[in-house]
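Q: I have a structure here, written as structure tokens, and I will follow up with some questions on it.
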Amino acid sequence: MSSAWADDSSPVGVWKTIDDVSGKPKSLVRITESNGVLQGKIEKLFRAPEEDQNPKCDQCKGDKKDQPMIGLVILSGLKKDGDEWNGGEITDPKDGKTYKSKLQLTESGKKLQVRGYVGVPMFGRSQTWLREE
């Protein structure tokens with residue numbers, strides 16, 4: 001199926017994440033849906049040549065500890081609720097911490113607002129991911 005036919009009402013697909021500090025692309029995350037529940041895993045990392053090209057999540061906890069970042073599930077358990085997806089979790093592979101998460105499509109499905117938070121959404125931070133396909 002061509003990316004031109006991507007469903008702009010669903011976050012299913014490949015998304016480019018952007019580094020908060022440098023503004024440069026950080027990774028590609030593929031979001032899939034199974035039985036109405038979204039999951040996202042890292043598909044590619046954009047790293048400088050001198051950096052480890054196959055890093056492991058050494059800061060992660062539990063079964064994610066020391067797993068390769070490529071293929072790591074960082075989004076899980078998100079279910080559609082009106083015009084957003086929530087009730088899930090997001091793991092920040094940089095520090096290994098896991099937060100509650102919610103997603104919302106913007107700009108006709110071209111951008112995805114990804115919010116990670118502790119407690120209530122008001123206490124957290126958002127990133128904008130860009131649709132790749």
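Q: Can you pick out the pairs among K26/K64; K41/K65; K41/K97; K56/K97; K24/K65; K24/K44 whose Cα atoms lie more than 24 Å from each other?
A: Checking Cα-Cα distances, K24/K65 exceed 24 Å.
Q: Further question: Calculate the spin-label point distance for Q104 paired with E51, positioning each point 7 Å from the Cα along the beta-carbon direction, and give it in nanometres.
A: Inter-label distance under the simple model: 2.9 nm.
Q: Let me ask something else about it. Quote the relative contact order of the chain in percent (integer), defining contacts as alpha-carbon pairs under 8 Å separated by 6+ residues.
A: It comes to 22 percent, rounded to a whole number.
Q: Under 16 Å between alpha carbons, and skipping anything fewer than 8 positions from K61 in its own chain: which aspartates and glutamates qualify?
A: E89, D92, D95
Q: Could you please report the charge total around E43, scoring K, R as +1 and D, E as -1 over all other residues with beta-carbon less than 10 angstrom from its beta-carbon?
A: Cβ neighbours under 10 Å give a net charge of +2.
Q: Would you work out the charge dipole size for the range 55-126 about its Cα centre, treating the Cβ of every Lys and Arg as +1 and the Cβ of every Asp and Glu as -1, and quote it to the nearest 20 debye?
A: Dipole magnitude for the range 55-126 comes out near 60 debye.
Q: How large is log10 of I(q)/I(0) for the range 7-107 at q = 0.20 Å⁻¹ when the intensity is taken from the Debye formula with one equal scatterer per alpha-carbon?
A: Summing over Cα pairs of the range 7-107 leads to -1.08.
Q: Ranked from highest to lowest mean number of other Cβ atoms within 10 Å per residue, what is the order of the peptides 40-53, 99-112?
A: In decreasing order of mean packing, 40-53, 99-112 become 99-112, 40-53.
Q: Positive end of the charge dipole of the range 14-64 (Lys, Arg +1 and Asp, Glu -1 on Cβ, about the Cα centre): tell me which of T17, G40, Q53 has its Cα farthest that way.
A: G40
Every number here is computed from the coordinates shown, using simple stated rules; none is lab data. Just so it is clear, the structure is predicted and the values come from calculations on it, not from any experiment. Positions of Cβ are backbone-derived with ideal geometry, glycine not excepted, and every protein chain shown enters the neighbour counts.
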